[in-house]
Amino acid sequence: MIYLFKLSFIERNQLIENILDPKNKESVLKACFYDEFEKKNVIKRLRILEDKIDLSLRSMDISLENRYELEQELLKVNELIISIESDDYVRKLVELSPEERRLDNWDCF
C-alpha cells in the first residue's frame, strides 16, 4: 500500500512539474488545441489530480500550510481545465500577426 501511495505521489509531482508549471502552460494549451487526443488525455490526468487533491484536503491530519498549498494547486488545476476546455489558445492566435499565425498552423507541415 505504501508503494501505491508513493507512486501516486510521484505521479502527482510529475503532473505539477510538467503541466501546471506556468512556463509550460502555453505549450500545453497549444498541444491541446491542435491535438484532440492530447486534450482528452491532459484533461483526464488533471481530473485525476483534482480528485487526489480533493481527497488530501478532506483528510483531517494536514497542517494549515499544507491545506493552503493544496488549495492553490487545486485552483491551478481548475484554471487549466477551464483554459483547455474553452480553447484559450485561440486568444493567443488572435494576438499574432497573420504571418506568425501561418507559421503556427501545424496543418501546414
Item to check | Residue among Ile10, Ile16 that alone is modelled with pLDDT under 85 and open to solvent by less than 60 Å² (accessible area, probe 1.4 Å) | outcome: Ile16
Item to check | Criterion: exposed (fewer than 11 other Cβ atoms within 10 Å of the Cβ) and in a helix (DSSP H, G or I) - qualifying residue of Val94, Val42, Val77, Val28 | outcome: Val94
Item to check | Qualifying residues in the stretch 45-65 (those that are open to solvent by 90 Å² or more (accessible area, probe 1.4 Å) and assigned to a loop (DSSP other than H, G, I, E, B)) - the one modelled with the highest pLDDT | outcome: Asp61
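The values are calculated or read from the model by the stated rules, or taken from the named source; none is laboratory data. Computed from a predicted structure; not experimentally measured. Glycine gets a Cβ as well: all are built from the backbone with ideal geometry, and neighbour counts include every protein chain shown. These accessible areas exclude ligands, DNA and RNA; they are computed on the full protein's heavy atoms, side chains included. Shrake-Rupley method; radii C 1.70, N 1.55, O 1.52, S 1.80 Å.
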